[in-house]
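Encoded as structure tokens, the structure appears first; notes follow it.
The values are calculated or read from the model by the stated rules, or taken from the named source; none is laboratory data. Since the structure is predicted, the reported quantities are computational estimates derived from the model, not experimental observations. As a convention, Cβ positions derive from the backbone with ideal geometry for all residues, glycine included, and neighbour counts pool all protein chains shown.
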Amino acid sequence: MYFDQDRFLNELTRMIVRSKSGGSLWINFKRCMHDTAATGLSHPKKRKADVVEVKEPKCLVRATVGKKKVSCLIAAKDILRFQTALTGIMKLHMDGLKKTVKKDKKQSKKKAVQ
């Protein structure tokens, strides 16, 4: 389903909460030069007589948890605002990551020699 930016971020927050109990969250970014939401086609038909208009590039953002999928088209001028909002959401909800324990190289070499 295509959503606007704010609704996409709200739905993404719900998906993150659901994925904590089980499952994986996948977020994909793809550059898009045409408006797929308006045409309904993944690739617009090219005809020899038609002149292809150069449009502002957009970013297609997809999020998937299990069978639930949401997507959003972001214009190039709005990408900075979207990225800061997405970063804030990810920082807020990524609390289940474990810190890695760094081992000292000198101590590990001494243990290996002994």
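V52 meets each of the listed conditions (1) surrounded by 10 or more Cβ atoms within 10 Å (Cβ to Cβ); (2) at pLDDT 85 or above; (3) not in a strand (DSSP E or B) apart from (2). Please go through the stretch 91-109 and pick out each residue that is closer than 19 Å to N10 by Cβ and free of Cβ contacts under 8 Å to residues at least 12 places away in the same chain. Listed by number, the residues that qualify are K91, L92, M94.
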